[in-house]
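Student: The structure under discussion is supplied below as structure tokens; questions concerning it will follow.
Bear in mind these aren't lab numbers, they're just calculated from the coordinates by the rules spelled out. Since the model is a prediction, treat every value here as computed from it, not as a measurement. Don't worry about glycine lacking a Cβ; one is built from the backbone with ideal geometry, like all the others, and counts go over all protein chains shown.
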Amino acid sequence: MNILHLDSSIQGASSASRTIAAAAVEQLRADHLDATITYRDLVADPIAPLTLEALADPDANREVAEFLAADVVVIGAGMYNFAIPSQLKSWIDRIIVAGRTFRYEPTGPVGLAGGKRVLVALAKGGVYRDTPAAAIDHAESYLRDIFRFLGVDDLEIIAAEGLKVSDTVRDAAIAQAIGRAREAAASVPAFA
Ligand SMILES: Cc1cc2nc3c(=O)[nH]c(=O)nc-3n(C[C@H](O)[C@H](O)[C@H](O)COP(=O)(O)O)c2cc1C
């Protein structure tokens with residue numbers, strides 16, 4: 001089994017999304033001792049914003065190869081300015097490649113990157129789900145749309161919300177998300 005683990009929080013050791021994503025990966029590691037884990041810290045080792053040169057040479061693209069090879073992708077992301085970290089956006093810009101991860105057909109685009117499970121640990125300062133503020137949560141909606149576009153129908157976004165509301169709310173939300181991350185990881189089947 002190939003596991004791709006990405007972190008994109010700029011908040012280092014105090015990052016909630018790094019903690020939650022790590023809990024999922026720990027569970028996967030414990031359950032699948034033979035798994036190969038590729039870890040990328042997109043903040044410590046950033047991917048440059050997309051350029052025309054990079055787009056023109058998709059075969060040289062390490063990110064596409066790692067993404068396509070992964071059976072399970074675990075992503076840690078914080079909500080920054082109602083969207084995702086720009087470091088993660090740079091990674092997404094490298095994996096969306098016509099002919100590799102999607103293709104155009106007469107009826108419209110078709111995703112080519114199905115058959116994998118994607119778990120996203122998404123940490124947010126405010127509360128969005130099931131509230132009117134969901135309309136400005138462009139982190140969760142963007143990630144859902146992008147992975148659906150690429151053909152990933154097995155996506156779970158584990159949200160920890162209200163992290164800036166109070167310490168009590170933060171601690172409870174992170175603990176709950178860690179529990180959910182472990183459960184989601186434990187339900188991953190053994191990929192051949
Ligand atoms: C630069 C920055 C921008 C942020 N923007 C938002 C925002 O737009 N909405 C929100 O609810 N929380 C916002 N927050 C709070 C983060 O979502 C919160 O700190 C969360 O824990 C981030 O995940 P992380 O801890 O893994 O970095 C922001 C935090 C930072 C550092």
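Student: If you wrap a convex hull around the alpha carbons of the range 1-145, what volume per residue comes out, as a whole number of Å³?
Tutor: 137 Å³
Student: Please give the per residue volume of the convex hull enclosing the alpha carbon atoms of the range 144-185, rounded to a whole number of Å³. Can you show the working numbers first?
Tutor: Numbers: hull volume 2.4 nm³, N = 42.
Residue-normalised Cα hull volume stands at 57 Å³.
Student: What is the calculated FRET efficiency for ASP31 to ASN2, with r their C-beta to C-beta distance and R₀ = 22 Å, to the nearest 0.05?
Tutor: Values: r = 14 Å, r/R0 = 0.66.
About 0.95, to the nearest 0.05.
Student: Also: Which order results if ASP137, ASP41 are arranged by neighbouring Cβ count within 10 Å, fewest first?
Tutor: Working: ASP137 21, ASP41 15.
Fewest-to-most ranking of ASP137, ASP41: ASP41, ASP137.
Student: Here's a follow-up. Hey, got the dipole for the range 93-132? About the Cα centre, +1 on K and R Cβ, -1 on D and E Cβ, debye to the nearest 20?
Tutor: Values: 7 positive and 3 negative charges, 39 e Å.
Computed about the Cα centre, the dipole is about 180 debye.
Student: Once a ≥ b ≥ c are taken as the square roots of the eigenvalues of the Cα gyration tensor of the range 6-90, is the result rounded (a/c under 1.5), prolate (a/b larger than b/c) or oblate (a/b not larger than b/c)?
Tutor: Because a/c hits 1.5 or more and a/b fails to exceed b/c, the range 6-90 counts as oblate.
Student: With only alpha-carbon atoms in the gyration tensor, what are the semi-axes of the equivalent ellipsoid for the range 60-123, in Å, largest first? Can you show the working numbers first?
Tutor: Values: eigenvalues 100, 41, 31 Å².
Whole-Å semi-axes of the equivalent ellipsoid: 22, 14, 12.
Student: Compute log10 of I(q)/I(0) for the range 64-192 with the Debye formula, placing one identical point scatterer on every Cα and leaving out solvent, at q = 0.09, 0.11, 0.19 Å⁻¹, to two decimals.
Tutor: Log-scaled intensity ratios, in q order: -0.29, -0.42, -1.12.
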